[in-house]
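Structure first, commentary second.
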Amino acid sequence: MKYLIVLMKWLKLIGFLSVLYAINKTFFSALVNPLQLVKLPPRIDLEAIRQDFPHLSINFADEKTDKNRNLITVTVKHPHSCGTILVCNGQSATIREDIKIRSYCKIAAETGYNVLGFDYAGTGNRKITSWSYRDLVHDGVFLAQKITKELSGSESLIIKGNSLGGAIAILVTKFCHDIGILAYLWSGKSFASTSSVLTGQLRTLKKSGHYETPTTIVISNMAKPLFSGMLLAANFEMDIASAYQSIPDNYKNYFVIRSARMDRANKKDDAMIPYCASLEGNAEIKLAAKLSIKNENKNDPQKIDYYRARRKCFAESAENAHGFPDEELFCRTLPNLTVNQLFCLFATQYIPSHKTSLCEDAQNLKL
């Protein structure tokens, strides 16, 4: 009888932990796109978009990955493409919106690249099927590999994303380089790790991207092991900083929302991904970015230094700018230049120049 009571207690404990695990797992899985649980994706007026961008073709397709996950993709094709930009969605983002398709068309028109966007498998249709961040990364890697097979030697692959999409873009780019695909990375408003986002929001109380006090710093540091453990159990703890550092220096760039010191008292900047949780908030990444800038190159758009020197941006509004489009974010060191224009220069000026220098280096080695 005594053993039966002990067994029942253990079974109750196991049952409680199982329920707790299931709740934790479902919660973080739902966070990839929580809005899909309360509303259906809006209708897209493709005819109106095609009229506004008559020289581009827009095609939706269903893709099934080698893990049997169903992706919905949209490809905006430029008639004289010089490569493809693969866009990874941020939290709650879906390609089934007018504003999203128009942004892809604008990028394609301004860069001369094809643009491929996609909904992570299961998102946008009231399902929760991404039970691990690795599922999201695999979706991106699957498309990157498919794109690479269709590119000619002179064409380039750029992997782009903001926020959660910026983190997934980093992980996808790292994987691409690990398997020999020389993809370029453009990551914006992203984070050093998933747990750093939660601790950063606690540290700043979501008042602004830079607000913090000695008390909130202590509390957030104490809470970090708990947040990290919960995320590890749910398989959503991502070490983005290490992945970013492993990508070759000349193939990557990031930007953060960080107003000048004199303006911060009146700006929220990025309250969703506070500065302390961002890639720039990682001391090693920040130092490497600073040291990589050479004065003789920082004003030349054909050098990576130009983009590193402009990695800090700001919004004219005092509101939380995390969700602002790139057209409404401006470079601190060149206030007339938007982040969108900076990316277009990266795609059209820097990448062709870098590829040319790689070819010249290869030729010199042969000689």
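Computed values, structure above
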item: Every residue from the stretch 175-190 that is surrounded by 22 or more Cβ atoms within 10 Å (Cβ to Cβ) and either assigned to a helix (DSSP H, G or I) or at positive phi (or both); result: Cys176, Lys189
item: So Gln91, is it at pLDDT below 90 and not hydrophobic (A, V, I, L, M, F, W, C); result: yes
item: Sole exception among (1) modelled with pLDDT of 95 or more; (2) closer than 16 Å to Pro248 by Cβ for Asp361, by number; result: (1)
item: Failed item, numbered, when Lys106 is tested on (1) more than 24 Å from Pro248 (Cβ to Cβ); (2) surrounded by 21 or more Cβ atoms within 10 Å (Cβ to Cβ); result: (2)
item: Search result, residues across the stretch 36-74 that are in contact with a Lys or Arg (Cβ under 7 Å, 6 or more places away or on another chain) and either at pLDDT 90 or above or farther than 18 Å from Ser92 by Cα (or both); result: Ile49, Leu56, Ser57, Ile58
item: Among (1) in contact with a helix residue (DSSP H, G or I) (Cβ under 8 Å, 6 or more places away or on another chain); (2) under 20 Å from Ser278 (Cβ atoms), the one test that Asn235 misses; result: (2)
item: Qualifying residue in the stretch 318-333 (condition: under 20 Å from Asn250 (Cα atoms), among the aromatic types (Phe, Trp, Tyr) and over 18 Å from the mean Cα position of the chain (by Cα)); result: no
item: Residue count for the stretch 191-225, restricted to those that are on the phi > 0 side of the Ramachandran plot and either small (Gly, Ala, Ser) or touching a Phe, Trp or Tyr at 6+ places or on another chain (Cβ under 6 Å) (or both); result: 0
item: The lone exception for Val256 - which of (1) in contact (Cβ under 8 Å) with a residue 60 or more places away in the chain; (2) assigned to a loop (DSSP other than H, G, I, E, B); (3) touching a helix residue (DSSP H, G or I) at 6+ places or on another chain (Cβ under 8 Å); (4) not aromatic (Phe, Trp, Tyr) it fails; result: (2)
item: Criterion: crowded, with 21+ Cβ neighbours inside 10 Å and either in contact with a Phe, Trp or Tyr (Cβ under 7 Å, 6 or more places away or on another chain) or part of a loop (DSSP other than H, G, I, E, B) (or both) - qualifying residue of Asp300, Asp270; result: Asp270
item: Residue list for the stretch 127-138, restricted to those being buried (at least 22 other Cβ atoms within 10 Å of the Cβ) and either modelled with pLDDT under 95 or not in a helix (DSSP H, G or I) (or both); result: Ser130, Tyr133, Leu136
item: Test result for Thr84, crowded, with 20+ Cβ neighbours inside 10 Å and part of a strand (DSSP E or B); result: yes
item: Only one of Gln201, Gln245 that is closer than 23 Å to Ser292 by Cα, assigned to a helix (DSSP H, G or I) and either free of Cβ contacts under 8 Å to residues at least 24 places away in the same chain or of a type outside the set (Gly, Ala, Ser) (or both); result: Gln245
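One line per residue, one yes/no per condition, for (1) at pLDDT below 95; (2) assigned to a helix (DSSP H, G or I); (3) under 25 Å from Asp52 (Cβ atoms):
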{"position": "Tyr104", "(1), (2), (3)": "no, yes, yes"}
{"position": "Glu110", "(1), (2), (3)": "no, yes, yes"}
{"position": "Ala121", "(1), (2), (3)": "yes, no, no"}
{"position": "Asn125", "(1), (2), (3)": "yes, no, no"}
{"position": "Ala144", "(1), (2), (3)": "no, yes, no"}
{"position": "Leu171", "(1), (2), (3)": "no, yes, no"}
{"position": "Ser195", "(1), (2), (3)": "no, yes, no"}
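The values are calculated or read from the model by the stated rules, or taken from the named source; none is laboratory data. Nothing here was measured: the structure is a model prediction, and the numbers come from that model. No Cβ is skipped: glycine too gets one built from the backbone with ideal geometry, and neighbour counts run over all protein chains shown.
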